[in-house]
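Peer 1: Here's a structure for you.
What follows is calculated from the coordinates using simple rules that are stated; it is not laboratory data. On a predicted model such as this, the values are computed, not experimentally measured, just so you know. Counting neighbours? That spans all protein chains shown, and the Cβs are built from the backbone with ideal geometry, glycine included.
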Amino acid sequence: MRLPGLIDVHVHLREPGGEHKETFATGTAAALAGGVTTVLAMPNTSPPITDAETFALADARARAGARCDYGIFLGATDTNAPLPAALQQRAAGLKIYVNDTFGPLRVESLAVVMRHLRHWRGAGPVAVHAEGLFVPALAALAALTGTHVHFCHVSRAAEIETIRLAKERGFPITCEVTPHHLWLTEDDLPRLGAFGDMRPRLATRADRDALWAHLDVVDCIATDHAPHTIEEKQSPTPPPGVPGLETTLPLLLTAVHEGRLSMEKLIDLTHRRPRAIFNLPAQPDTYVEVDPDAEWVLPEQGWFTKVGWSPFAGMRVRGRVVRTVVRGQTAFEEGRVLALPGTGRNVRDAALH
Ligand code: NCD
Ligand code: ZN
Ligand code: ZN
């Protein structure tokens, strides 16, 4: 069975500065193994991507390393609004971290958030890490400024209910949820420990059930692939975040098999809506071949992500990526990544449109 190449609008590929966790070359190998043919990379790197110079640095790394197509987010700071118009157009979108999470990027002042929203004219939306009361706050600011706000990794019942109400009133907002918030809960924490720690944290079963119940207002499934090494996770101060690029499609195909998701909705969530929201070009002759009947257990080891672990290890799934084809070239087949570093293109390159 063929699916369009998945578009993952929320991944951390750790270049520059975190190459021991992941690189464009290793992260996009994981993407292709998971059926993902476009990744949008987050700006909380070292240094963070906040101006023309750091953007050029990340883009050069991606151009050399990426094995699938990619976009790069700009990160909002207290002092970088307004970002130059040409730079806005080159970015996947603008990322604002309102809440505390991994990395130094944070914007806490209403005045600064307003300034970013009023001046954003990029080809993609303003994506926000906003939890709890910041969800209605950012939804209101989207409506007041008329700027499209995309909510990253929505994880709680009250948040998705708020998004439903705001969407019903026509607010210019969209949202994504992650596989870990759809499949794992705080009940898994005793078993997973730091390997189940991420932001937003795993929530209650009621929160997880609400995400499934409100799936009709969810626009995208995004992994929030946030790799940290086993050593870092076992340290006294483990950083938050879990990998997800290779496990998402098997989990979603399992949900289709169980009747919890239609194949059309799966394609909406992983391809059509991400493409429309982020204004991405078509990838001609690009697709994923899956075996929807393959039953297997997600393993502890053997992943392409550099960190080599998964919070989903041990789960029985039904559905497997057989082959991933990008622009007519077989990029992944029979457990091997064939696409070379440097074959991926920036989604904002004019030649793609
Ligand atoms: C992310 C990371 O490690 O970069 N961590 C996480 O827990 N999700 C940052 C983020 O997306 O908030
Ligand atoms: Zn986040
Ligand atoms: Zn993230």
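Peer 1: Run through all the Cα pairs of segment 267-315 and give the fraction in each 10 Å bin from 0, expressed as whole percent.
Peer 2: Answer for segment 267-315: a P(r) of 19, 29, 37, 15 percent.
Peer 1: How do the peptides 203-209, 192-198 rank, highest first, by the average count of neighbouring beta carbon atoms within 10 Å per residue?
Peer 2: For the peptides 203-209, 192-198, the packing ranking is 192-198, 203-209.
Peer 1: Could you work out the Rg to Rh ratio of segment 262-353, with Rh taken as the Kirkwood radius (inverse of the mean 1/r over all Cα pairs)?
Peer 2: Result: Rg/Rh = 0.99.
Peer 1: Semi-axes, largest first, in whole Å: what does sqrt of 5 times each Cα gyration tensor eigenvalue give for segment 27-76?
Peer 2: The three semi-axes for segment 27-76 are 21, 11, 8 Å.
Peer 1: Straight-line reach from Lys21: which lysines have a Cα under 25 Å away, not including same-chain ones fewer than 8 places off?
Peer 2: Lys95, Lys233, Lys306
Peer 1: Hey, what does the equivalent ellipsoid look like for segment 170-285, semi-axes from the Cα gyration tensor as sqrt of 5 times each eigenvalue, largest first, whole Å?
Peer 2: Sorted largest first and rounded, they come to 27, 17, 14 Å.
Peer 1: In straight Cα distance, which lysines are under 25 Å from Lys265, not counting same-chain residues fewer than 8 positions off?
Peer 2: Within the straight-line cut-off, Lys265 pairs with Lys167.
Peer 1: Based on the Cα atoms of the chain, what semi-axes does the equivalent ellipsoid have, where each is the square root of 5 times one gyration tensor eigenvalue, given in whole Å with the largest first?
Peer 2: Listed largest to smallest, the semi-axes of the chain are 27, 24, 20 Å.
Peer 1: For segment 39-74 and segment 256-281, compute the distance between their C-alpha centroids and round to whole Å.
Peer 2: 25 Å
Peer 1: In the Gaussian network model of the chain, springs joining C-alpha atoms below 10 Å, which of Gly122, Gly170, Gly103 carries the largest mean-square fluctuation?
Peer 2: Gly170
Peer 1: Along segment 174-181, what does the Karplus equation 6.51 cos²θ - 1.76 cosθ + 1.60 (θ = phi - 60°) give for ³J(HN,Hα), rounded to whole Hz, x for Gly and Pro?
Peer 2: 9, 8, 10, 10, 9, x, 5, 7
Peer 1: Let me ask something else. For Ala111 and Glu161, what is the calculated FRET efficiency with R₀ set at 30 Å and r taken between the beta-carbons, to the nearest 0.05?
Peer 2: FRET efficiency, Ala111 to Glu161: 0.55.
Peer 1: While we're here: Among Leu298, Pro43, Pro239, flag the residue with its Cα farthest along the positive direction of the charge dipole of the chain, charges on Cβ as +1 for Lys/Arg and -1 for Asp/Glu.
Peer 2: Pro43
Peer 1: Output the direction-averaged projected area (hull surface divided by four) of the convex hull of the alpha-carbon atoms of segment 43-199, in nm².
Peer 2: Reported value for the Cα convex hull: 10.2 nm².
Peer 1: Grab the other residues whose beta carbon is less than 15 angstrom from that of Asp51, score K and R as +1, D and E as -1, and report the net.
Peer 2: -1
Peer 1: Right, here's the next one. Please identify the DSSP H helices in the chain that span no less than 18 Å along the helix axis (Cα) and have a mean Kyte-Doolittle hydropathy of -0.5 or more.
Peer 2: The qualifying helices are 52-65.
Peer 1: Looking at the calculated P(r) for segment 14-98, what percent of the C-alpha pair distances fall above 15 Å?
Peer 2: 54 percent
Peer 1: How big is the charge dipole of segment 2-352 about its Cα centre, in debye rounded to the nearest 20, if each Lys and Arg gets +1 on its Cβ and each Asp and Glu gets -1 on its Cβ?
Peer 2: Approximately 700 debye in magnitude.
Peer 1: If you don't mind, there's one more thing I want to ask. Starting from the Cα of Ile267, step 7 Å along the direction of its Cβ; do the same at Asn279; then give the gap between the two resulting points in nm.
Peer 2: Once both label points are built, they end up 2.6 nm from each other.
Peer 1: From Cα pairs below 8 angstrom and at least 6 apart in sequence, can you work out the relative contact order of segment 2-352, rounded to a whole percent?
Peer 2: With pairs under 8 Å counted, the relative contact order is 22 percent.
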